[in-house]
Amino acid sequence: MSVQELVETFDLLPDWEDRYAYLIELGDKLPAFPETDKTEQNKVIGCMSNVWLTVSRQADGYDIRATSDAAIVRGLIAIVLSAVQGADKDTILTTDIKEIFTRLGLAEHLSPNRQNGFFAMWKTLQERVSQDKK
């Protein structure tokens, strides 16, 4: 699902209870994350919840996998993946995730801790991609 489709769906939902439920639904649809990848090396620092993230370069872009032990956070992961799954390095490094966050109205409806965790996950993703030699 594209970011634009997410924005349109969010706009159709009448209140934030419905939007939270939708976020949880998005998180439930994430691809399975192998238990063997839930390592300290893959853990995102700066999140209140446990979040694990892997990034691997494919021929045409990056395969990003992530999960969390918190339902809302898995939904936030799904938003990130909607923005950059399969994208090339330049796209990932130049995507304005704050603008997407604002368009979805998340800034007003997520706790500061959740917001900090969201941006910590984004920063970790960008750091891992930027460290890739190609």
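Every number in this text was worked out from the coordinates using simple rules, so none of it is lab data. All figures in this text were calculated on a predicted structure; none of them were measured in a lab. Counting neighbours? That spans all protein chains shown, and the Cβs are built from the backbone with ideal geometry, glycine included.
Structure notes:
- Cα-centred dipole magnitude for segment 3-130, charges only on beta-carbon of K, R (+1) and D, E (-1), debye, nearest 20: 480
- Projecting label points 7 angstrom from Cα along Cα→Cβ for TRP16 and GLN85 puts them 2.7 nm apart.
- MRE, 222 nm, helices only [DSSP H, n ≥ 4, -39500 (n - 2.57), over the chain, to nearest 500]: -16000 deg cm²/dmol
- Between 0 and 90°, nearest 10: helix 71-84 axis offset from the chain longest Cα axis: 60
- For the chain, built as a Gaussian network whose Cα springs stay under 10 Å, the top-fluctuating residue of THR91, THR67, THR36: THR36
- Computed lengthening from ASP60 to MET48, 0.36 nm per intervening residue step minus Cα-Cα distance: 1.0 nm
- Rg and Dmax of the chain, Cα atoms only, in Å: 14.2, 45
- Positive-end residue of GLN41, THR94, LEU30, charge dipole of the chain with Cβ unit charges: GLN41
- Helix 112-130 and the longest principal axis of the C-alpha atoms of the chain enclose an angle of approximately 30°.
- For the chain, the number of Lys pairs with C-alpha atoms closer than 14 Å, counting only pairs eight or more positions apart or on separate chains, is 5.
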